[in-house]
1. The list (1) 9.6; (2) 8.4; (3) 13.0 gives values of mean projected area of the Cα convex hull in nm², and only one came from this structure; which label was calculated from it?
2. Roughly how many nanometres apart are two label points built 7 Å out from the Cα toward the Cβ at Gln51 and Ser2?
3. How big is the charge dipole of the chain about its Cα centre, in debye rounded to the nearest 20, if each Lys and Arg gets +1 on its Cβ and each Asp and Glu gets -1 on its Cβ?
4. Counting pairs of alpha carbon atoms under 8 Å apart in space and at least six apart in sequence, what relative contact order in percent does the range 19-139 give?
5. Where in the range 21-71 are there trypsin sites (Lys or Arg not before Pro) that are in a DSSP coil and have at most 13 other Cβ atoms within 10 angstrom of their Cβ?
6. Please name which of Thr128, Pro46, Leu94 has its Cα lying farthest along the dipole of the chain towards the positive end, using unit charges on Cβ (Lys, Arg +1; Asp, Glu -1) and the Cα centre as origin.
7. Treat each spin label as a single point 7 Å out from the Cα along the C-beta direction, and report the Glu87 to Asp64 distance in nm.
Amino acid sequence: MSNKNKKVSEWLTFLFTIRDKGADFILIEYSGGGDEGHVDSVTFYPRQFVQGKFGEEDFSVVADAHEDPTIEKLKKDCEPYKEKIEEDVYRQLLANIEDWYNNDGGSGEVWIDTKTGKYWCKNSINYTETKDYIHTGSF
């Protein structure tokens, strides 16, 4: 088995462990600016707490998800996996996409399907627009 295939296999095994805890999806939210960026949160969700089709713009958390005790239980059960997720997603994805952490910064979210290992990332970059106006005359 090649080194790349071994890493993919290890990642999928890792995701299956999380799936066994009851998490069908992982949501990673991140933000940055001024030459620094970081992961803000990692949240684990069972399917019933997300709506829309995976990989499409409307894929999101249902409104009352955070009030359900299932989410708190998943948070506790999956806490040991958060650091690895943050590190791997940052190193393998966020460090290699559009520059969301410099200058005016940006933010985004990464959804991971724990069954397939596929991800969907919405990366938003902030820009300041400058308009120049010329005025002439005399006083």
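1. Answer label, from the structure shown: (3).
2. 4.2 nm
3. On the way: 17 positive and 27 negative charges, 161 e Å.
Roughly 780 debye, rounded to the nearest 20.
4. Values: 187 pairs, mean separation 38.8, N = 121.
Computed over the range 19-139, the figure is 32 percent.
5. Values: sites: Lys21, Arg47, Lys53; in loops: Lys21, Lys53.
Passing both the DSSP loop test and the Cβ count: Lys53.
6. Pro46
7. Once both label points are built, they end up 3.9 nm from each other.
No value in this document is a laboratory result; all are computed from the given coordinates. It should be emphasised that the depicted structure is a prediction, and the values quoted were computed from it without experimental measurement. Please note: Cβ atoms are built from the backbone with ideal geometry, for glycine as well, and neighbour counts cover all protein chains shown.
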